[in-house]
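Notes follow once the structure below has been shown.
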Amino acid sequence: MPSGLSGLRFGRQEPSTHQHSWKISPTILAPASSREEEVRIPDSEIFRGISIPPGHTPRALDASDTGKVDLLYPSTNHLAMHLCLIECFYKLRNDVTNSKELDAVIGPTVPHFVSAENTQNSQTHPTAADADIVRTSQIKKWELFVKAAVGRFNVWWQNIDKVIRHAKAYNTIPAAAQQDTSTLSKNYLPPLDVLLVWYSYILHPSYSSDCVEFGKQNAFMLCFPWHALYEVIDQKTLVYNLPTAAANMFTTMSSQAVDLISCLSSPPPYTASIGAQCSIDLEDAVAMQDSFVNDTHQLLWLRSPACSGSLTRCMERYKRFLLLVHLHPDRRAGLVPTWDIELALRTHQLYADKFHTFASRPFGRELDYAKVPRPLETEKSTANTTTETNTADLWKRQFAEPYTCCLCWACECIKDASGGSEVEVSTSNLSQKHIKEIQKALQFYASVERARESGDRLPTSPRQAKKKDDKWELDWGHGWREVVVKGKFDEHGNPVKKVVREKAYTSHINWMMGAT
């Protein structure tokens, strides 16, 4: 059962009518008759426009309306793909820590007990000491895996300029769709473990200076390969399927198989020593991601009925956070983002070149402070005694609303249904019929997740509309899109796609509870 719904079951002294006190119990739903008819969560609409925008000069900012901040990147589409990637990282860590193959590598540290869940008549149960041993084993396996992943990353990073040159020479994306943007296509992606190390490195404060010091300017200008990830990550299973061409390139480069677990369980793995081309401990950088990965999986916005609206509000709050940073440069280091704002911030940082440019002059020009919303003046000035070092205090003073808010599925659905972005969520302005519709949607989505975790076939969508065979899959801008070629599949069983040019679209779909 996804812990993203924990707020529905474990409310803290809220009234019985509060959404955190709702009893949402997943049920067994009738499975779809075929895999093709299974409900798609999230809806593919959420990834529309996943292409990377070209460089541009931002429009002048009307600071009285943060909605007019000209951020072409990131968009909600990139945030959605980021959520997919985080789930891949979470799954990778689970696969490693639960790997039986690696048990033999780290030694006999796991006790052999029989689980009470598997044997009703068993008298042997795991003790607290057994649980500690299991946890220690899992930690050792993950540390071993990350250490090896860093070594593989160093090989890939040493050759990154060759990869970039080859990618540019053999780029199959139409010139009109490239938009002068530098990124890797799917055939140049590294294995997931190497991608995790690169992801962690980009987010480290030393990444920019390291790229200069070690001559990696070309890599610094790369945007994280969101469109390639869209092509290789199965949105249903969240499995990272590395294309054969990319796997062959990495094997040639490193003399290793793509599957690192197999490499470790069949020693000796590749251990050639190469000169470090970074100034930080990359193992520590990967460890720094654990908390955010865990929090993201706990919330599981990607599978929420309010995902689209949640990501839209996330971007709105991120723009406000940027304005707050700009208004208080002396307190920039002390401003701490909430999880949703951090999601947008991380996505922004993953285009290191553009983020560095934006951070140096975030709104393209100096703000017109006459148009900046004034902080609430609720009392006389106390300039000599007030210390506004707390992010929440600065936020509430500037925007007249609380900084933190509940991000659980129920509260996000209520925000969607209310048609606003209120931080204080309440059902008081909703009819009983509307509340029941929200509860029904939550139950359906929770039931889908239970079926997914059990490995069962998913149900059909309750409001599934017939879709065209040739639908959009990826939009590069200027009307260039990828569409599915009916009846053709690649070596992974995925539909073959072709690039076509069609009339550009402008529609945007927002999920609204109860809408038909």
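The values are calculated or read from the model by the stated rules, or taken from the named source; none is laboratory data. Quick caveat: nothing in here was measured; it's all calculated off a predicted structure. So basically every Cβ, Gly included, is an ideal-geometry build from the backbone, and we count neighbours across all protein chains shown. Ligands, DNA and RNA are excluded from the accessible area calculation, which covers all protein heavy atoms including side chains. Shrake-Rupley method; radii C 1.70, N 1.55, O 1.52, S 1.80 Å.
So, in the stretch 177-234, how many residues would count as being among the small types (G, A, S), open to solvent by 10 Å² or more (accessible area, probe 1.4 Å) and either within 15 Å of Y73 (Cβ to Cβ) or in contact with a Lys or Arg (Cβ under 7 Å, 6 or more places away or on another chain) (or both)?
Number of matching residues: 1.
Name the single residue that is least open to solvent (accessible area, probe 1.4 Å) among those in the stretch 355-412 being at pLDDT 80 or above and of a type in the set (V, I, T).
Per the criteria, the residue is T391.
Only one of E449, E453 is open to solvent by less than 20 Å² (accessible area, probe 1.4 Å), assigned to a helix (DSSP H, G or I) and either modelled with pLDDT under 90 or of a type in the set (D, E, K, R) (or both). Can you tell me which?
Within the list E449, E453, the selection yields E449.
Name the helices (runs of 4 or more DSSP H) wholly within the stretch 106-213 that hold at least 3 residues that are in the same structural domain as S279 (by the TED database) and at pLDDT 80 or above?
Ranges flagged: 128-158, 160-169, 192-202, 207-213.
Please go through (1) at pLDDT 60 or above; (2) surrounded by fewer than 17 Cβ atoms within 10 Å (Cβ to Cβ) for I46 and return the number of the only condition it doesn't satisfy.
(2)
Do any helices (runs of 4 or more DSSP H) lying entirely in the stretch 279-344 carry at least 1 residues that are basic (K, R) and under 24 Å from S418 (Cβ atoms), and which ones are they?
By residue number, 307-327.
Tell me yes or no: at least one residue of the stretch 279-295 is in the same structural domain as K236 (by the TED database), at pLDDT below 90 and under 23 Å from Y90 (Cβ atoms).
No, the stretch 279-295 has no match at all.
Would you check which residues across the stretch 322-336 are free of Cβ contacts under 8 Å to residues at least 40 places away in the same chain and not aliphatic (A, V, I, L, M) and list them?
P329, D330, R332
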